[in-house]
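Trainee: Next up is a structure, given as structure tokens.
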Amino acid sequence: MATSSPVHSSGAPRSRSLRVRLLISGAVAAVAALGVAIVMPNANAAASTLGAAAAQSGRYFGTAIAASRLGDSTYTTIAGREFNMVTAENEMKPDATEPQRGQFTFSAGDQIYNWATQRGMKVRGHTLAWHAQQPGWMQSLGGSSLRQAMIDHINGVMAHYKGKLAAWDVVNEAFNEDGSRRQSNLQGTGNDWIEVAFRTARNADPSAKLCYNDYNIENWSYGKTQGVYRMIQDFRSRGVPIDCVGLQTHFTGGSSLPSNFQTTLSSFAALGVDVALTEVDVTNASTTQYAGLTQACMNVPRCIGITVWGVRDSDSWRSSESPLLFDGGGNKKAAYTSVLNALNAAGPTATSSPTGGTASPSPTVTPGGAKRIVGAQSGRCVDVPNASRNNGTRVQLYDCNGQVNQAWTLTSSRQLTVYGSMCLDAAGSGNASAVQIYSCNGQANQQWNVNSNGTITGVQSGRCLDVWGTANGQQIQIYDCNGQANQRFSLS
Ligand code: G3I
């Protein structure tokens, strides 16, 4: 459960030039937004339920369902009308599905699955490997015995639901607030337990999307967010099968919507995974926070859907904070309208890979083992315009297309080569120096450090690879490192 507030971005003063740049980009964004509002009104007629509104942009809107409430007609009427995705709140967890070792029970989980699918809804599985809600017999295991029990549990549960679920939260809440691994009994079986869980899951049901799910990973500057990001980045680079990151989005218990939430979503998405908001609730159902979190998802094409953690306030695990979209009487709250409006106004269509888990592992493999350099903010690739091979051609951002002019090889001498013999080259060492291609010459302006924090720094200048926008054609430069998403790239 969410127990502490994420830290917010540091108040360190920005350089004057960066401030000016942010003001300009903010103004451009405002003008652009105004332009869209005037020139391109949403052609869709407004939908009147959350699920239908989300579906207009190819997304879903879901809720957690508790089997014990399925006899409550107010509950089922709202849930059946409003949502098109369901997560079992407790009924597919390890204590529920394998109460005795090797003896699986799916009656409560199946009750929810059947209720949802009979109404045309999809189902997310939650969850297979978690430090909490383990059955008693599992809590007392450790070492290789627990490792085997985890594998057997994943195989047993996934076999029962094989081919039936949209996604599984394979591993839940494995990180501490500072970005280190939580010291659970599962962690005690070895640091590789998470990747073993994902590999087991892929084999057990190749059709389900496989997600890592956690809370307090919504603030991009927070240690836990960065820890999870590094793990996903590592998994993607090594081909560990993972398709999605679930951000629980519990803005209750002292947490609230961070201003950089969209950056977090787009940064995870740039690693080549879908993102989803999986357990949303907000203290007192703040309309601005609900609208903001919905808008952030709508703005990120790979944000595939939103799930609220319960139907009415009275159904919530934190009911005293009245955090949901319907009050205890089943009436729509103001937050409901703010979410519905944001869904109805959505622009980009979600671009999840269509065939579940088969899309992973890495989408990146290009001839010779070369990789894409993907901008965390834009999701676009570092590209040589028109596949030019001329010395001095400046590189830019462009939609990733898997072609040779986006295929970069990091050599043992820290060059980033393209077409075999051309190098990524800094045309100078000052701020805003152009980054171009040039015949490889072994000099320091053609050497780059690919850092674990996602930056790529020039050996000669010490400055970061940087791009001043997210659109196709934006030119790459070097600039003082500032810790922001426009300076983070992944080789994938
Ligand atoms: O069903 C028993 C009931 O028979 C018994 O009388 C009663 C006595 O306490 O307990 C009932 O079980 C409770 C169960 O919810 C069903 O209501 C458990 O005590 C209670 O611990 C359990 O809480 C759940 C919690 O996970 C446990 O970790 C919440 O419902 C559920 O909403 C919550 O969900 C988690 C997500 O899985 C992961 N992310 C955080 C989220 C909120 O904590």
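Trainee: Using only the Cα atoms of region 409-449, each taken as one equal point scatterer with no solvent, compute I(q) by the Debye sum, divide by I(0), and report log10 of the ratio at q = 0.20, 0.28, 0.32, 0.33 Å⁻¹.
Mentor: Here log10 of I(q) over I(0) equals -0.51, -0.94, -1.15, -1.19.
Trainee: What FRET efficiency would be calculated for the residue pair Phe104, Thr76, taking the C-beta separation as r and a Förster radius of 22 Å, to the nearest 0.05?
Mentor: Working from the Cβ atoms, E equals 0.25.
Trainee: Moving on. Given H placed on each backbone N at 1.01 Å, which residues far from Val123 in sequence or on other chains put an amide H within less than 5 Å of it?
Mentor: Val86, Ala166
Trainee: Between Asn401 and Gln118, how high is the FRET efficiency from 1/(1 + (r/R0)^6) when r is the Cβ-Cβ distance and R₀ = 45 Å? Nearest 0.05.
Mentor: The calculated FRET efficiency here is 0.60.
Trainee: Something else about it: So, in Å, what gap is there between the alpha-carbon centers of region 93-143 and region 217-276?
Mentor: A separation of 25 Å, based on Cα centres.
Trainee: While we're here: Calculate, in nm to one decimal, what Asn449 and Ala387 gain on full extension: separation in residues at 0.36 nm each, minus their alpha carbon distance.
Mentor: Full-extension gain reported as 19.9 nm.
Trainee: Restricting to the chain, compute how many DSSP beta bridges are antiparallel as a %, nearest 5.
Mentor: Here the antiparallel bridges make up roughly 50 percent for the chain.
Trainee: So, one more: Give the residues of region 122-148 whose amide nitrogen is closer than 18 Å to a point set 7 Å from the Cα of Lys162 in the direction of its Cβ.
Mentor: 125
Trainee: Around Thr283, under 12 Å between beta carbons, what's the net of Lys plus Arg minus Asp minus Glu among the other residues?
Mentor: Summing Lys and Arg as +1 and Asp and Glu as -1 gives -2.
Trainee: Okay, next question. Averaged per residue, what accessible surface does the chain expose to a 1.4 Å probe, in Å²?
Mentor: The answer is 38 Å² per residue.
Trainee: For the chain, with all protein chains present and a 1.4 Å probe, just round the carbon and sulfur fraction of the accessible area to a whole percent.
Mentor: So the carbon and sulfur contribution to the accessible surface is 51 percent.
Trainee: Where does each of 375-386, 54-65 land if you order them by average Cβ count within 10 Å, highest first?
Mentor: 54-65, 375-386
Trainee: Now, a different point. Within a Cβ distance under 10 Å of Leu165, other residues only, what is the Lys/Arg minus Asp/Glu net charge?
Mentor: +4
Trainee: Separation of region 51-80 and region 395-410 by C-alpha centroid, Å?
Mentor: 42
Trainee: Using modelled backbone amide H atoms (1.01 Å from N, in-plane), which distant-in-sequence or interchain residues come within less than 5 Å of Thr455's amide H?
Mentor: The list, which skips near neighbours in sequence, is Phe489.
Trainee: Find, to one decimal place in angstroms, the Kirkwood hydrodynamic radius of region 161-273, where the mean of 1/r is taken over every pair of different Cα atoms and then inverted.
Mentor: That comes to 14.5 Å for region 161-273.
Trainee: Percent relative contact order of the chain, based on C-alpha pairs within less than 8 angstrom and at least six residues apart?
Mentor: Computed over the chain, the figure is 12 percent.
Trainee: Give the calculated FRET efficiency between Gln133 and Lys332 to the nearest 0.05, with a Förster radius of 30 Å applied to their Cβ-Cβ distance.
Mentor: The computed FRET efficiency comes out at 0.45.
Trainee: Among all helices in the chain defined by DSSP H, which have a length of 20 Å or more along the axis from Cα atoms plus a Kyte-Doolittle mean of at least -1.0?
Mentor: In the chain, the long hydrophobic H runs are 16-39, 143-160.
Trainee: For the chain, just list the percent of Cα-Cα distances falling in each 10 Å bin from zero outward, please.
Mentor: For the chain, the binned pair fractions read 4, 19, 28, 26, 15, 7, 1, 0 percent.
Trainee: If you don't mind, another one. Tell me what the chain gives for mean residue ellipticity at 222 nm when only DSSP H runs of n ≥ 4 count, each as -39,500 (n - 2.57), the sum divided by the residue total, rounded to 500 deg cm²/dmol.
Mentor: -8500 deg cm²/dmol
Trainee: Follow-up. Can you flag which of Lys93/Lys162; Lys224/Lys332; Lys93/Lys332; Lys162/Lys371; Lys209/Lys332 are past 26 Å Cα-Cα?
Mentor: The answer is Lys224/Lys332; Lys93/Lys332; Lys162/Lys371; Lys209/Lys332.
Trainee: For the pair Ala434/Asn284, report the inter-label distance in nm, with labels modelled 7 Å from Cα in the Cβ direction.
Mentor: Calculated label separation equals 5.5 nm.
The values are calculated or read from the model by the stated rules, or taken from the named source; none is laboratory data. Bear in mind that the values here come from a model prediction, so they are computed numbers and not experimental data. Glycine also receives a Cβ, built like all others from the backbone with ideal geometry; neighbour counts cover every protein chain displayed. Surface accessibility is based on the protein's heavy atoms, side chains included, excluding ligands, DNA and RNA. Shrake-Rupley method; radii C 1.70, N 1.55, O 1.52, S 1.80 Å.
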